[in-house]
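A.B. asks: Take a look at the following structure, please.
The values are calculated or read from the model by the stated rules, or taken from the named source; none is laboratory data. Computed from a prediction, not measured in an experiment: that's the story for all the values here. Virtual Cβ from ideal backbone geometry, glycine too; neighbours counted across all protein chains shown.
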Amino acid sequence: MIDAAPDATHTTPTGNRMTLVRSMRTSVFVAVVIAVLDQMSKAWALRDLVDGRVIHVIWTLQFNLTYNRGMAFSRGTGVGPIIGVIGLVVVVMLLLSLRRADNVLTRLATGLIIGGAMGNILDRLFRDSGWMRGAVIDFIDFQWWPVFNVADMAIMIGAATMIVAMLKYNSQIERTDGH
């Protein structure tokens, strides 16, 4: 059986390392931008939405400060520390998975998810009551949907982008395999 020549980026340990660095650089850049934007927006909310102040933006969209001690969409109140630990494990797993992220869409999605997770993990670690007892700051309120934040948006957009990348990648594999 004759094997096809491997891709030039994977022929040497240096090539593998460069591919990993390139994959990580894109994802880490996106993650840092998201985490910073998330923390900046939360600092604004904590400063300008105190004492029950609500800013009406348009239609049902308003900015309204809430503290989420549970998980997504304010479910599971009181399990924040467990969610924080799970979030850290997910971030580490995603960072390790970057070795296999061979397209920009997957790297972008991974960066969005990591950045969003880190934004919320920072809240859980350092806000309010102290180490691992903090609440996630939520303030984007449509009034007909649970209140959320920039990190939550990044996680959801990242997850949707990851699904698109997987579907696109799988269809490309099927076409090249003749299926």
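A.B. asks: Does residue 117 meet the test of being buried (at least 23 other Cβ atoms within 10 Å of the Cβ), in contact with a helix residue (DSSP H, G or I) (Cβ under 7 Å, 6 or more places away or on another chain) and closer than 22 Å to residue 81 by Cβ?
C.D. replies: yes
A.B. asks: A further question follows. If I filter the stretch 86-105 for residues that are more than 17 Å from the chain's Cα centre (by Cα) and either of a type in the set (Ser, Thr, Tyr) or surrounded by 13 or more Cβ atoms within 10 Å (Cβ to Cβ) (or both), do I get at least one hit?
C.D. replies: Yes - at least one qualifying residue is present in the stretch 86-105.
A.B. asks: Let me ask something additional. Which one is modelled with the lowest pLDDT, of the residues in the stretch 60-97 that are of a type outside the set (A, V, I, L, M) and in contact with a strand residue (DSSP E or B) (Cβ under 6 Å, 6 or more places away or on another chain)?
C.D. replies: Among them, the one singled out is 74.
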